[in-house]
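The values are calculated or read from the model by the stated rules, or taken from the named source; none is laboratory data. Remember, predicted model here, so these are calculated numbers, not experimental data. Backbone-built Cβ (ideal geometry, glycine too); neighbour counts: all protein chains shown. Calculation scope for accessible area: heavy atoms of the full protein, side chains included, ligands and nucleic acids excluded. Shrake-Rupley method; radii C 1.70, N 1.55, O 1.52, S 1.80 Å.
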2 protein chains.
Amino acid sequence: MINTLVEKISNLNAPVVVGLDPMLSYVPEHIKKAAFEQYGETLEGAAEAVWQFNKGIVDAVCDLIPAVKPQIAMYEQFGIPGLSAFEKTCAYCKEKGLVVIGDVKRGDIGSTSAAYAVGHIGKVQVGSNTYSGFSEDFVTVNPYLGTDGVKPFVDVCKENNKGIFVLVKTSNPSSGEFQDQLVDGVPLYELVAKKVVEWGEECMGNTYSNVGCVVGATYPEMGRVLRKMMPKTYILVPGYGAQGGKAEDLVHYFNADGLGAIVNSSRGIIAAYKQDKYEKFGAENYADASRQAVVDMIQDITGAIAKR
Amino acid sequence: MINTLVEKISNLNAPVVVGLDPMLSYVPEHIKKAAFEQYGETLEGAAEAVWQFNKGIVDAVCDLIPAVKPQIAMYEQFGIPGLSAFEKTCAYCKEKGLVVIGDVKRGDIGSTSAAYAVGHIGKVQVGSNTYSGFSEDFVTVNPYLGTDGVKPFVDVCKENNKGIFVLVKTSNPSSGEFQDQLVDGVPLYELVAKKVVEWGEECMGNTYSNVGCVVGATYPEMGRVLRKMMPKTYILVPGYGAQGGKAEDLVHYFNADGLGAIVNSSRGIIAAYKQDKYEKFGAENYADASRQAVVDMIQDITGAIAKR
């Protein structure tokens, strides 16, 4: 699956992924109104609003980008109807030719991680049939439980040509509380990074591994070090834009081949119409605002890479 | 919510929780057959089988135990129908007066953790209404992202009288890979434990905090140390029975008041009929086997506590 992602990134010259993390407050009034008229102010109504909102954005940007990253929490908060909207969004994005990175941050002991893995990126056996419960191409994985919590995901990746991104250094302000703690002079996130490389060696694509990692855009110096430590590991980079990460800081997340990282923006793209810069589009044309924001983001990042 | 849990544990003299982690292979043939006849060998069929299996066990054991711990991965693997069975199981257990600990191990950056928290133990706003997407009483939380990933759960606990159990030292074989790493001579899991105490101080029940922790039964020496470090923190203890934890090792997870820990068994209870010891019940009477296994587990643990 990493080969497919790398190919799409190269063909589009767009190392970016759009985070489909819809808060209801991002959804324009006309979409909420239509959804609530149909389903009432219910979980079903919220799920419909989110789905229609997503569909508009995906239709507007799908020719520009290689991938989307729906954040499952934003759907899970609306219970079963919300998770149905998550599944519908993933399926629609795949129809549109996009790689789907499920930002699920799952991770548990062995047999339980295996259940998450088959549920999201594999196939579950029911009698003599197999099914995909959900159908992402990649998922994000939390490493706190160690190798036997991550390996079941790697095994499912191998069987199904899928991939994962393991949390190494997250973008949030307090990520350092545990991740930066020094173990014999080496920060914990680097120990995790070494394990990610090890897990990834048995699941290689052509140039990069199907086992990638997450390193926040908000910690560029750490990104620079990690890039060197793990040359064959694709880095999923959250935290660009709204969270404060800047393109010039991100160039060191890329290898000399211009590949090796994919930068996520969520709010900055999907709620672009709420920014002064894109206000002129108006809420009715929120998807056009998102498209312009994607164009600008690609230019910002590829421009910075070209200049380095 | 911790007050409710403690009261139930005291009244029943049963510091145990039954893990509802149904693998399809645990479900007796007659239940699978009925479910597949109705829904086919589909995700819906699997979900129905799991739900009927759970219902039988819950009916058989609900008067003996304070709480259940459904592991969401085992439902999530069956997609939306599976998650509907999870929700139905949680609701049914609450009807039966049980405290429901959702073993979801969620954790993310702030706004995303907030979405998980409202979805599982809080209420989500849709227009002028509020809803519970899911409806556990407690959830398990992964601490790798630090304070700002956990605090949104604590805030939702305070607003809704709910609780969480934060992973400190997990029961799996490779949990030590990161959790045991020494930071200035102190293992990482102890640093996490200190933070758990801090988070818990602002969310106290009468004697114990609504912010509990998870410490595996498979590491009794660490359990003994952690018990002393965090006297007001309830410890959820997985790993008893099938994973190897023994009652005599677990006595140190309890405070002098005989409280402070709740021990989980999943496979050992729900698939009891598959053990030699309970074989005589037969698959048809799997729930009676589970009841006997619960009786034996309570006796085993309370006996060990009484003897210490």
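Listed values, structure above:
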quantity	calculated
Those residues of the range B:130-156 which are touching a Cys at 6+ places or on another chain (Cβ under 7 Å) and of a type outside the set (A, V, I, L, M), in sequence order	B:Phe134, B:Ser135, B:Glu136
Test: residue in the range B:61-80 that is in contact with a Ser or Thr (Cβ under 7 Å, 6 or more places away or on another chain), more than 14 Å from chain A (Cβ to nearest Cβ) and farther than 15 Å from B:Pro22 by Cα	yes
Residue in the range A:252-259 that is touching a residue at least 60 places away in the same chain (Cβ under 8 Å) and either exposed (fewer than 14 other Cβ atoms within 10 Å of the Cβ) or closer than 25 Å to B:Thr112 by Cα (or both) present	no
Contacts under 6 angstrom Cβ, first residue in the range B:52-70 being over 18 Å from B:Ser84 (Cβ atoms) and open to solvent by less than 10 Å² (accessible area, probe 1.4 Å), partner of a type in the set (A, V, I, L, M, F, W, C) and in a helix (DSSP H, G or I), 6 or more apart	B:Ile57/B:Ile270; B:Ile57/B:Ala287; B:Val61/B:Val294; B:Pro66/B:Ile9; B:Pro66/B:Leu12
Selection status of A:Gly107, within 17 Å of the chain's Cα centre (by Cα) and more than 8 Å from every other protein chain (Cβ to nearest Cβ)	no
Residue satisfying condition, being closer than 17 Å to A:Glu76 by Cβ and without any contact (Cβ under 8 Å) to a residue 40 or more places away in the chain, within set B:Gly102, B:Gly107	B:Gly102
Selection within the range A:260-284 - open to solvent by less than 70 Å² (accessible area, probe 1.4 Å) and either assigned to a helix (DSSP H, G or I) or touching an Asp or Glu at 6+ places or on another chain (Cβ under 8 Å) (or both)	A:Ser266, A:Gly268, A:Ile269, A:Ile270, A:Ala272, A:Tyr273, A:Tyr278, A:Phe281, A:Ala283
Boolean, A:Leu24 is under 16 Å from A:Met297 (Cβ atoms) and open to solvent by 10 Å² or more (accessible area, probe 1.4 Å)	no
Count - residues of the range A:148-165 that are within 12 Å of A:Lys195 (Cβ to Cβ) and open to solvent by less than 30 Å² (accessible area, probe 1.4 Å)	3
Filtered residue count, the range B:71-90, keeping only those that are acidic (Asp, Glu) and open to solvent by less than 10 Å² (accessible area, probe 1.4 Å)	1
Some residue of the range A:169-185 being farther than 20 Å from A:Tyr144 by Cβ, open to solvent by 40 Å² or more (accessible area, probe 1.4 Å) and without any contact (Cβ under 8 Å) to a residue 60 or more places away in the chain	yes
All positions within the range B:223-240 that are in a helix (DSSP H, G or I) and open to solvent by 40 Å² or more (accessible area, probe 1.4 Å)	B:Arg224, B:Val225, B:Lys228, B:Met229
Single residue of B:Lys228, B:Lys246, B:Lys195, B:Lys232 found to be under 20 Å from the mean Cα position of the chain (by Cα) and modelled with pLDDT of 95 or more	B:Lys232
Residue check, B:Val139 out of contact with any Lys or Arg (no Cβ under 7 Å at 6 or more places or on another chain), among the hydrophobic types (A, V, I, L, M, F, W, C), more than 7 Å from chain A (Cβ to nearest Cβ) and assigned to a strand (DSSP E or B)	no
Selection from the range A:5-28 of residues that are away from chain B (no Cβ under 11 Å) and either part of a helix (DSSP H, G or I) or among the aromatic types (Phe, Trp, Tyr) (or both)	A:Leu5, A:Val6, A:Glu7, A:Lys8, A:Ile9, A:Ser10, A:Asn11, A:Leu12, A:Tyr26
Residues satisfying the stated conditions in the range B:121-136, i.e. open to solvent by less than 50 Å² (accessible area, probe 1.4 Å) and more than 8 Å from every other protein chain (Cβ to nearest Cβ)	B:Ile121, B:Gly122, B:Ser135, B:Glu136
Count of residues meeting criterion [facing chain A (nearest Cβ under 10 Å) and either closer than 26 Å to B:Asp137 by Cβ or touching a helix residue (DSSP H, G or I) at 6+ places or on another chain (Cβ under 6 Å) (or both)] in the range B:190-199	2
Residue satisfying all of: in the range A:142-184; away from chain B (no Cβ under 11 Å) and either assigned to a loop (DSSP other than H, G, I, E, B) or among the hydroxyl-bearing types (Ser, Thr, Tyr) (or both); farthest from B:Lys169 (Cα to Cα) among these	A:Asn161
Residues located in the range B:106-141, provided they are over 22 Å from A:Ala85 (Cα atoms) and in contact with a strand residue (DSSP E or B) (Cβ under 7 Å, 6 or more places away or on another chain)	B:Asp137, B:Phe138, B:Val139, B:Thr140, B:Val141
Among residues of the range B:154-183, those that are closer than 14 Å to B:Met1 by Cα and touching a strand residue (DSSP E or B) at 6+ places or on another chain (Cβ under 8 Å), counted	6
Residue, least open to solvent (accessible area, probe 1.4 Å), within the range A:27-51, restricted to residues that are charged (D, E, K, R) and closer than 15 Å to A:Ala283 by Cα	A:Lys32
Residue within the range B:191-212 that is in a loop (DSSP other than H, G, I, E, B), surrounded by fewer than 24 Cβ atoms within 10 Å (Cβ to Cβ) and among the charged types (D, E, K, R) present	yes
Any helices (runs of 4 or more DSSP H) falling wholly within the range B:39-134 and containing at least 3 residues that are within 20 Å of A:Ala47 (Cβ to Cβ)	B:43-61, B:79-95, B:110-121
